[in-house]
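Structure record follows, encoded as structure tokens.
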Amino acid sequence: VFLYNKQYWKIKKDLIMKEVAKLPVRNDVPAHLRWKTEDIFADFKSWEKTFSATQSKINIFSQFQGSLSGSIDNLYKTLNFYTGTAQAVEKLFFFAHLKKDEDNGNSEYQGMLDRAQGLLIKFETESAWLIPEILSLPSAYLKQASSQKRFADYRHFLGNLLRKKSHVLTSQEEK
């Protein structure tokens, strides 16, 4: 029985390896069947430029901390800065992930994805104060902000936060 299993798995492995050997290299795949990563970033230089700019934005994000109760304008500016930065991080991560998936053996793509993951972690760490600080604001203040036309993009987000308010840790508890 053992020999049969050993022979079976050798034959199975050989068949699988033959199938893998048939897989085309990325450049041999017709263009219409490939991801259009150039629609996300034209080239690696533009990815690097966006990465550096986003990294700089993340580094200054803590400057908004403690300002949300000062005025509804501060809340609006912070939400705009947060969502703009989050979108840039997502775009960087998505591009790097697609490039790595195109060729798992390409160490440059692996490095890009590692850097994008690191940036995502840094962003999440640097912005961890935001939700607790928003939730520390009076509900009436958040409802007033949500009712303004300029907050239309954030109405659902703020409504969800208000709904979850009793289930989220304060910034002191978060530490």
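The values are calculated or read from the model by the stated rules, or taken from the named source; none is laboratory data. All of these numbers come straight from a predicted model, not from anything done at the bench. Using ideal geometry, Cβ is built from the backbone for each residue, glycine included, and neighbour counts are taken over all protein chains shown. Surface areas here come from the heavy atoms of the whole protein model, side chains and all, with no ligands, DNA or RNA. Shrake-Rupley method; radii C 1.70, N 1.55, O 1.52, S 1.80 Å.
Observations on the structure shown:
- A full extension of the chain between residue 34 and residue 173 corresponds to an added length of 45.4 nm, given 0.36 nm per residue minus the alpha carbon distance.
- Sequence of 85, 50, 125 from largest to smallest accessible area, 1.4 Å probe: 125, 50, 85
- Cross-link reach is defined here as a Cα-Cα straight distance under 26 Å, omitting same-chain residues fewer than 8 places apart; for residue 165 the lysines meeting it are 77, 122, 143, 149, 175.
- Simple spin-label estimate for residue 15 and residue 76 in nanometres, 7 Å along Cα-Cβ: 6.6
- When Cα Rg over 2.2 N^0.38 Å is computed from the coordinates, the matching label among (1) 1.21; (2) 1.12; (3) 1.51 is (3).
- The mean accessible area for residues of the chain, using a 1.4 Å probe and ignoring ligands and nucleic acids, is 68 Å² per residue.
- Most mobile of 151, 93, 123 in a GNM of the chain (Cα contacts under 10 Å): 151
- Sulfur and carbon atoms: percent of accessible area, the chain [1.4 Å]: 55
- Considering only 33, 51, 74, the residue lying farthest towards the positive end of the dipole of the chain is 33, judged by Cα position with unit charges set on Cβ.
- If only the Cβ of Lys and Arg carry +1 and only the Cβ of Asp and Glu carry -1, the dipole of the chain around its Cα centre is close to 460 debye.
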